[in-house]
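What follows is a short report on a single structure.
The values are calculated or read from the model by the stated rules, or taken from the named source; none is laboratory data. From a predicted model like this one, the values you see are computed outputs, not experimental measurements. All Cβ positions, even for glycine, are placed from backbone atoms using ideal geometry, and neighbour counts span all protein chains on display. Ligands, DNA and RNA are stripped out before the accessible areas are found, and what is left, the full protein with its side chains, is counted by its heavy atoms. Shrake-Rupley method; radii C 1.70, N 1.55, O 1.52, S 1.80 Å.
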Amino acid sequence: MLVSPGVDAALFGVLGLLVGSFLNVVIYRLPKMMEAEWADNCAELAGTEAPARETFNLARPRSRCQKCQHVIRWYENIPVLSYLVLRGRCSSCKTPIGVRYPLVELTTGLMFATLAGMYGLTVTGGVWAALACLLVAQFFIDFDTQLLPDDLNYPILWLGLIAAAMGWTSVALSSSLWGAVFGYMSLWTVYQVHYRLTGKQGMGHGDFKLLAGLGAWFGAEYLVAIILLSSVVGTVIGGGLLVVGRLAHRDIPIPFGPFLAGAGLLALLVGPARLESLIPFAFPFSQFAR
């Protein structure tokens, strides 16, 4: 504790706002970086020269308006505050700025403040905050592009296993390991059954890896609860999309990744320790995991 629990939570929340600002960069740029890499790989396989393009990564170029190319100044990039001062518009061309940006910042700030309130400024609070960042990024990337990048899925999985091995969370390493195994195999099995019955791919392999990662963080006994929470998150998101008319046609695919990522974030907000008492029917095998 630096000052007091309340002040520490507020300070960690401010840090979360700053991290959320960076997550906006990751959410927008990482899929485009993947597409560029795929184009380069295709050119290499075809024996042609890769297309020339400007340097584009998480650090370069500087953030700019997508319409007028106005470079965002530092004081125009203060989380949430700059959006309010600019009234949600570019300072140069007045093009509306998506509400997504402050939403990501506020969500990350809320997660950081909540986790600091639950665990204090400890290693445990820090690693859970790292998971929250990765889940926020996966939520919005998959929602936008139907991609769950391995560059984020693998850190979720390995950090979960490392955190359990180091004792940074209350999850036993054996439960973490089997959570990863059963998490992957459960969705892989559903995928295989659906594919053989319909000839269609019901979900992507990234969903298997994401649930494996969540299993590594929360443990095998929490997998049923995560699936149930994902259905709740899916109902809320699907209902919201119906209201705004995004699901007017039933053939529009809905990615499953945001439901899983949202379930992980919801489990973090509630707290793994409280989740079992709130939905005990979702833990039929918990006594065997201890």
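Numbers for the structure displayed
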| quantity | calculated |
| --- | --- |
| Residue among Ala248, Ala212, Ala273 that is open to solvent by less than 20 Å² (accessible area, probe 1.4 Å) and either out of contact with any helix residue (DSSP H, G or I) (no Cβ under 6 Å at 6 or more places or on another chain) or at pLDDT 95 or above (or both) | Ala212 |
| Condition met for Gly240 (out of contact with any strand residue (DSSP E or B) (no Cβ under 7 Å at 6 or more places or on another chain), open to solvent by less than 40 Å² (accessible area, probe 1.4 Å) and modelled with pLDDT under 85) | yes |
| Criterion: open to solvent by 20 Å² or more (accessible area, probe 1.4 Å), under 19 Å from Leu266 (Cα atoms) and within 20 Å of the chain's Cα centre (by Cα) - qualifying residue of Gly179, Gly126 | Gly126 |
| Looking only at segment 69-84, and only at residues there that are under 18 Å from Val14 (Cα atoms) and β-branched (Val, Ile, Thr), the one that is least open to solvent (accessible area, probe 1.4 Å) | Val80 |
| Extreme residue, surrounded by the most Cβ atoms within 10 Å (Cβ to Cβ), among residues of segment 85-121 that are closer than 21 Å to Val136 by Cβ and of a type in the set (Val, Ile, Thr) | Thr108 |
| Some residue of segment 26-40 being acidic (Asp, Glu), more than 27 Å from the chain's Cα centre (by Cα) and open to solvent by 100 Å² or more (accessible area, probe 1.4 Å) | no |
| Asp8, sole failed condition from (1) within 23 Å of Thr107 (Cα to Cα); (2) modelled with pLDDT of 90 or more; (3) surrounded by 13 or more Cβ atoms within 10 Å (Cβ to Cβ) | (2) |
| Close pairs (8 angstrom Cβ cut-off, 6 or more residues apart or separate chains): over 15 Å from Phe22 (Cβ atoms) in segment 57-81, open to solvent by 80 Å² or more (accessible area, probe 1.4 Å) anywhere | Pro61/Glu54; His70/Arg64; Val71/Arg62; Val71/Arg64 |
| Neighbours by Cβ (under 6 Å, 6+ apart or cross-chain): first from segment 184-198, at pLDDT 90 or above and buried (at least 17 other Cβ atoms within 10 Å of the Cβ); second of a type in the set (A, V, I, L, M) and part of a helix (DSSP H, G or I) | Tyr184/Ala212; Leu187/Leu211 |
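Every residue, every condition in (1) open to solvent by 20 Å² or more (accessible area, probe 1.4 Å); (2) touching a helix residue (DSSP H, G or I) at 6+ places or on another chain (Cβ under 7 Å), yes or no:
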site	(1), (2)
Ala130	yes, yes
Thr145	yes, yes
Trp158	yes, no
Ala163	no, yes
Thr169	no, yes
